[in-house]
Amino acid sequence: MLADAAEEIFGYRPRPDQLRAARKILEGNDVFVVAATGAGKSLVFALVAIAARLLGLQRVVIVICPLKALQMDQVRRLNNPRGAQTVADRGTTAGGDCTATTSEDECGVAPGAADTGMDHAGATSNVRGRTEQVFVDGSRSGSERGSSSPESPSASKEGDSETSASATQTRKGPLCIPAVAINEDNSDVEVFKKLRRGEFSIVYAAPECLLRNNTFLQLFRDPVFRDMLSAILVDEAHVIYQWGKNFRQDYNNLQTIRVSAGSHIPWGAFTATAPTHIFEEVYTSLSMGQTRPFWGMDLGADRPNVELWVRRMEYSLRSFASLFALIPEPTNKPDDLPKTIFYFKSRKQARTACDLLRGLLPPHLKSCLYAFTAVYSEEYKSTVMEWFRTGKVRWLFCTDAAGMGCDVPDIVLVVVYGVQDFCDAMQKAGRAGRDPRIQGRLLWLVEDWVFDDPESAPTKKVQEKRDALDSATHEFIRRSQSDQCMREHMVNYLRPLPQLPGFPTREHVPEGLAAEEPLQAVTWEVVVKEHTEPRRPCCSALCCRREASNSIQSGQLCDMEREKIARLQASLERISHPALPVPDTPSRRDQPSSPKKQRVSKQEREVLYETLLEWRRSDWARIRSRNKMLSSDWVMTDETIARLVNAAHRVVNVPMVTEAVIDSCIAWTSPATVSASLADTLEEFRLAFMSRVEKPRKRQNVAQAVAPTKDRSPPRTPTRRGRHTGSGMLTARLGLGGEHDENDAV
C-alpha cells in the first residue's frame, strides 16, 4: 500500500531498499543509510510521512538540512511532485492538489527516467544484489530479534495487508504531503501555529534554527507536539563531521535536540560519503543505538555512469587558463555548451572564473554563464538555479556550500578546481549524471605540485603541502597515473567498517559488554551490486582508459588544446585595459626622504569600519534599485571589510588611495564602478585621518615654543643604539600618545 501511494503521488514506485529504510524508521529504529548521490535518499523522508497520512494520523517528520537552497528544493518537489517546477516555493504548502496528474513529459521527466529522487523515477536494471546482515551476537539474517530483525517475505506481506486495510478505512480524499521549510525567511508565528496543529507532514530546518529558535525549543517541550513527531532525520549527515567543529558548530550539538524531543523518537542519518571515521563521528554524535535499536544499510557510493578523471594543471591556479580548454569550438548556440557545474574553493575564484570565461564567448552566449555563491540573495539563487535546471543557464560557477543544493538530473560535467578533501570532491562528482541514461563525468583539475616527479625530488615546501593532503586524495590522484583503478579505491574508501560498541568485527564480538546485560540489536547491511551491463569508460587510471578519444579521458592536454588556450589568452589580453605607463624611477639621491609611517589607533580603525559599512549600505542601495536580487554581501562581505580595516595602516601611508592600493591590501574582485567608489571613500578617510593627526602635532609644537625654558623637557640624549630618549615622556605628558597594540604598527 505504501508503494502504491508513493506511485500515485510521484508517478513511480519506490525501490525495495527505500521502502525497507522507511519501514525500519516506522518500526522505531535509529537508521543510517549510505547511498550514492542521486540514489533517492530523500524519498525515504516522504515515505515515512506518507505512511502516517495513509493511517489518517497527524504526524510530523523533521528533516535537518544544511542549506536553504536544498530545503526549498525538497519542499518544491513535495508540494508539487508532478506539476510544473516553480522558481521558489518560499517554504509554504502548495494550494493545489498534491496528486495532480500532469504528465511526466510536462514535468521535464521522461517515462522511465532512472533516478529515484523525487523529480524522476528510478530503474535498477542489470543489477543483482546480495545482502549481508550481522547482529551483535553474531547471528545472521534469519534470526529472530523482535521488531528490529528483518521479517520474512510472508510476514512482510501480512503486515502490508493489515496496513492496506487500515488505510482504506481511514483515508479520505486525495493524499498530500504538505511540507514547509522554516528558516529566517519563513519563521513567523503563523507557520509555527500550523505546525503545532499538524498541518505539515515534513518540516525542513537547519540545526541553528532548531537549537536557537525559541518557538522550536518550546515545541520540543510541548507533550502534544512531541507525540506528533514520527522521526528526526539528518540529510547530508557527513557535514556533522566536516562542519561541526568549526564552521557550523550547532551540528555538533544535535544530541541536545534528541534529549529535548524525547528518547522515543527514532533518528536517521543519510549521506553518500561515510568512510569509517565519518560514520563513527555521526553515529556517536547523534547518540544512535543507545535508546533505540539500530539498523543501517550501505548501498555503496559507486555511480557507474559517472566517469572519474583527474587532469594535471599545466597553468597556474590563479590564471584559470586550464578551464579555457573546456570551451567547445565552434560555440554558436547554448546547446554547444554541455550542462556543467564548476566548483571552487572561494567566492572570488567562482566570480573571477565566470567573468573570464564569459569574456571568451560570443555576446549572445554570455548570459549562459552565472556565478552561484552565498553572497547573492535567495531570490537570485532560486532564479539562477531554475534557469540552470531548465537549460537557460548552461555553466554554473559555485562554491562548495552553495553547490550542495544543486540537484539537476541532466548535468553532464562536474569540474572540481584545485586539490581538496577527497570526500568533498566525491560529493561534488555526484552532481553529474543524476539520470543514469546520461554519461556523466567528473573532471578534477589538480595543481602540478601534487603529482610525483620521478626525475626530481620535491622541495621542502612541496613536500609539506603533500603531507598536508588527506591520504585518500593522495592515493586517488596517484592512481590516475598508475595501473590501479581509481573507482575501486573510491568505493572501498567510502564503505564504512564500523568499529563501535555493538558492531561485530570479522573476528569476534566487541568486548566490554557484560554477559548479563541485555544486548541491544544492531544490524548493519551491506549491499554489493554486481553490474552485468557492458563496462563504460571508468577513470583516468592507465588500466581503465578505454577508448580514450579525448584529452579529458587521457588526463592530459593535447597540442591543439594548448594552442587554443594560448589563442584565448591572447584574446583576453587584447580586450583587457592597457597597463598605465610606469614612470622612470629617480635615483636615491633625487628621492625625498620618506615621511614617518603613521600608526592607526583602535579608535581610528573603528571610524574606518563604520565608514566602510556606510559606504556598503549606500552602494548596495544604488545597485538594488536596478537589481533587487543582490544582497549587501555582493558589494563587500563582512570578512573583506574586516581585512581592509586590518590593513588601515597601509591605506593611510600612501600618497593617494587608488584601486591598485586596494588590490595590494586585500584580495578582492569587483566591478570597476564599485572599486572606484571604494577608492574615493578610502581617500576621504585618509585625508581626514591625516588632518586629525596633524592638529595634535601643531598643538605640540606650539606648546614647546611658548613654554618657559626651565619647564622644557631636558635635551634628548642618544642611546647606545643611536636612538633618542625622552620623546615618549613628552608625548605622554601632552596626552597625545594614546594606546597602541602591536597590530597598530606598520
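The values are calculated or read from the model by the stated rules, or taken from the named source; none is laboratory data. As the structure is a prediction and not an experimental result, all values here were calculated from the model. No Cβ is skipped: glycine too gets one built from the backbone with ideal geometry, and neighbour counts run over all protein chains shown.
For the residues Ala325, Ala350, the requirement of being surrounded by 18 or more Cβ atoms within 10 Å (Cβ to Cβ), under 16 Å from Arg394 (Cβ atoms) and touching a residue at least 40 places away in the same chain (Cβ under 8 Å) singles out Ala350. With respect to the stated conditions, Glu280 fails to be in contact (Cβ under 8 Å) with a residue 40 or more places away in the chain and under 18 Å from Ala429 (Cβ atoms). All conditions but one from (1) of a type in the set (Val, Ile, Thr); (2) touching a helix residue (DSSP H, G or I) at 6+ places or on another chain (Cβ under 8 Å); (3) at pLDDT below 90 apply to Ile232; the one that does not is (3). The combined condition, being crowded, with 18+ Cβ neighbours inside 10 Å and either over 19 Å from Ala52 (Cβ atoms) or of a type in the set (D, E, K, R) (or both), is not fulfilled by Gln249.
Number of residues in region 429-447 that are surrounded by fewer than 24 Cβ atoms within 10 Å (Cβ to Cβ) and of a type in the set (Lys, Arg) equals 2. One residue stands out among those in region 152-190 that are in a loop (DSSP other than H, G, I, E, B) and modelled with pLDDT under 50: the one that is nearest to Pro16 (Cα to Cα), which is Ser152. Residues that are within 24 Å of the chain's Cα centre (by Cα) and modelled with pLDDT of 90 or more number at least 1 in the following helices (runs of 4 or more DSSP H) confined to region 321-406: 347-359, 378-390. Taking residues in region 188-208 that are more than 16 Å from Arg59 (Cβ to Cβ), and partners anywhere that are of a type in the set (D, E, K, R), the pairs with Cβ atoms closer than 6 Å and at least 6 places apart or on different chains are Pro207/Asp250; Glu208/Asp250. Just so you know, in region 283-318 the residues that are free of Cβ contacts under 8 Å to residues at least 60 places away in the same chain and assigned by TED's automatic domain parsing to the domain that holds Glu488 include one that is nearest to Cys354 (Cα to Cα), and it is Arg318. Kindly indicate whether Val416 is β-branched (Val, Ile, Thr) and under 22 Å from the mean Cα position of the chain (by Cα). So Val416 passes the test.
Is it the case, given these coordinates, that Glu280 is part of a helix (DSSP H, G or I), out of contact with any helix residue (DSSP H, G or I) (no Cβ under 6 Å at 6 or more places or on another chain), assigned by TED's automatic domain parsing to the domain that holds Leu54 and among the acidic types (Asp, Glu)? Answer is yes for this residue.
Table: residues versus (1) assigned to a helix (DSSP H, G or I); (2) in contact with a strand residue (DSSP E or B) (Cβ under 6 Å, 6 or more places away or on another chain).
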| residue | (1), (2) |
| --- | --- |
| Leu442 | no, yes |
| Ala457 | no, no |
| Glu464 | yes, no |
| Ala472 | yes, no |
| Gln481 | no, no |
| Gln484 | no, no |
| Glu488 | yes, no |
| Asn492 | yes, no |
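Against the list (1) surrounded by 15 or more Cβ atoms within 10 Å (Cβ to Cβ); (2) part of a loop (DSSP other than H, G, I, E, B); (3) of a type outside the set (A, V, I, L, M), the condition Arg311 fails is (2). Tyr376 meets each of the listed conditions (1) under 25 Å from Met426 (Cβ atoms); (2) touching a helix residue (DSSP H, G or I) at 6+ places or on another chain (Cβ under 8 Å) apart from (1).
Within the option set Gly56, Gly38, Gly28, being of a type in the set (Gly, Ala, Ser) and touching an Asp or Glu at 6+ places or on another chain (Cβ under 8 Å) holds for one residue only, Gly38.
Number of residues in region 267-300 that are under 16 Å from Lys41 (Cβ atoms) and surrounded by fewer than 21 Cβ atoms within 10 Å (Cβ to Cβ) equals 2.
Within region 407-435, the set of residues being assigned to a loop (DSSP other than H, G, I, E, B) and among the charged types (D, E, K, R) comprises Asp407, Asp410, Asp421, Arg431, Arg434, Asp435. Across region 283-308, the number of residues qualifying as part of a loop (DSSP other than H, G, I, E, B) and within 30 Å of Leu413 (Cβ to Cβ) comes to 7. Among the residues of region 337-384, those identified as basic (Lys, Arg) and over 21 Å from Thr640 (Cβ atoms) are Lys339, Arg358, Lys366.
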